[in-house]
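One structure is given below, encoded as structure tokens.
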Amino acid sequence: MSDALYLHPPGVICAAGHTLDELREAVFAAAPSGVAENTTVWPGHALHLGAVRGELPSVTHLPIEARSRNNALLLAALAQVRGDVDAAIARHGAGRIGVVLGTSTSGIGESETAIAAFEREGALPADFHVGQQELGSPAAALAGLLGLGGPCYVVSTACSSGAKALASGARLIKAGLCDAMLVGGVDALCGMTVAGFTALESVDAARCRPMGAARSGINIGEGAALFLLDRAPSAVRLSGYGESSDAHHISAPEPTGRGALAAMRAALDRAGLTPGDIDYLNLHGTATPQNDAMESRAVAELFGLDLPCSSTKPLTGHALGAAGAIEAAIAWLTVAGDGRLPVHHVDGGRDADLPAISLVRPGQRLARPPRHVMSNSFAFGGNNASLILSHG
């Protein structure tokens, strides 16, 4: 049996697109879209956020403890891959399929609404259950809905969660604990995260500007991306993953990029590749001064200055626990594509004090379809993850 693990076409919903086709159009376009000014998530504050607009699937058929916007986003992603999931259940049996997801908010937004109602009315709403904010809710909801019996849990390591969920799923299959996994990430916008990052002085009121001279922080976003991972051949393989921890600071990255380098090198080693084999890198690229400085140093040290790179967060926003999974979907589109590369949008010009890594320009493409693509996700506490997706 081949040891290769394949990522089937993902289901995805985010500010940049409600389907994989819509996301493809957004990330290769010359002009940015997706992120937009929002005054509803944190009333009284006008901020650019990566909000998903429009109607989401109903969650009324789920147990009350699973009824959240977070899980509605997850159901929207599931609907796009349901055919592949049902085929995998028929192929492997429900007991041999597990779920690992990344999240950081789960149903905190529902708790915010319920507490506000309690303050007004003296009672919690009848449709509220404290389990809605439990971090394991998304994985439990998905496994329960599909009747899956394999390992089921959530990874919550802040902004690396979604990427680490893919690595965790691969390890479970390789350990023989299951034959297929549903892996990805989901996070919903809520007031707590927007206010919290604002208190850290890490939020830009305008569209974020990764690697830009005028960058001042992130645009928080929301969304979900869900993959079926197994050994059945598909267009894209999960060929490498690497994880590390800086143990440097609770919210600031280790400035030299030591931890980021360790994660990227571990992913290359696991894939049996060298830096020269990578055709494109999706940057973590948050547009905070410290993260961009650290990441550009690490990328320049490992890859030099010629590897095409871009951050797609000006399109999606920073979807926190879902970011690594959504950006893995963008990497999937790039590997399965024709040589087009996700555009790096930076308003106001790039920071000349950072290493001059090669940021993808509108219309830039490779002379051939890419063979190997890397995606970086770095989190609070110096929790780092790098993924490598390769042509199947």
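Counting only DSSP beta bridges whose two residues both lie in segment 6-391, roughly 65 percent are antiparallel.
As a proxy for reagent exposure, TRP332, TRP42 were ordered by neighbouring Cβ count within 10 angstrom, fewest first; the result is TRP42, TRP332. Here the spin labels are modelled as points 7 Å beyond Cα on the Cα-Cβ line, and at ALA116 and SER245 they lie 3.6 nm apart. Spread over its residues, the convex hull of the C-alpha atoms of segment 1-109 is 155 Å³ per residue. Of the residues CYS14, ALA79, SER390, the one whose Cα sits farthest towards the positive end of the charge dipole of segment 6-391 is SER390 (charges of +1 on Lys and Arg Cβ, -1 on Asp and Glu Cβ, taken about the Cα centre). Eigen-decomposition of the gyration tensor built on the alpha-carbon atoms of segment 172-271 gives equivalent ellipsoid semi-axes of 32, 20, 14 angstrom, largest listed first.
Taking other Cβ atoms within 10 Å as a rough exposure proxy, CYS309, CYS178 sort from fewest to most as CYS178, CYS309. Mean residue ellipticity at 222 nm, helices only, the chain: -10000 deg cm²/dmol; runs of at least 4 DSSP H residues each add -39,500 (n - 2.57), and the sum is divided by the number of residues.
As a calculated quantity, the FRET efficiency between ASP338 and ALA175 at R0 = 41 Å, using C-beta atoms, amounts to about 0.70.
In the chain, a dipole from Cβ-located charges (positive for Lys and Arg, negative for Asp and Glu) runs towards its positive end, and of GLY337, ALA260, VAL52 it is GLY337 whose Cα lies farthest in that direction. Annotation: for a label point projected 7 angstrom from Cα along Cα→Cβ of ILE64, residues of segment 123-151 with backbone N closer than 20 Å are 123-138, 140-142, 144-145. Rg ratio for the chain: its Cα radius of gyration over 2.2 N^0.38 Å, N being its residue count, equals 0.92. Computed extension length for ARG82-THR19: 21.3 nm, one decimal, from 0.36 nm per residue of separation with the Cα-Cα distance subtracted.
For segment 1-104, the list of trypsin sites (Lys or Arg not before Pro) that fall in a loop by DSSP and count at most 16 other C-beta atoms within 10 angstrom reads ARG53. Pop out the Kirkwood hydrodynamic radius of segment 247-392 from its pairwise C-alpha distances, inverse of mean 1/r, in Å to one decimal. Taking every pair of different Cα atoms in segment 247-392, averaging 1/r and inverting gives 15.2 Å. By the count of other C-beta atoms within 10 Å, a proxy for reagent exposure, LYS313, LYS164, LYS174 are ordered fewest to most as LYS174, LYS164, LYS313. Modelled label positions at ASP347 and LEU145, each set 7 Å beyond Cα in the direction of Cβ, lie 3.5 nm from each other.
Each Lys and Arg contributes +1 and each Asp and Glu -1, all at the Cβ; summed about the Cα centre of segment 6-391, the dipole is approximately 940 debye.
Throughout, read-outs are computed from the coordinates displayed, never taken from laboratory work. Since we're looking at a predicted model, the values are computed, not measured. Neighbour counts are summed over all protein chains in view; Cβ atoms, including those assigned to glycine, are modelled from backbone coordinates with ideal geometry.
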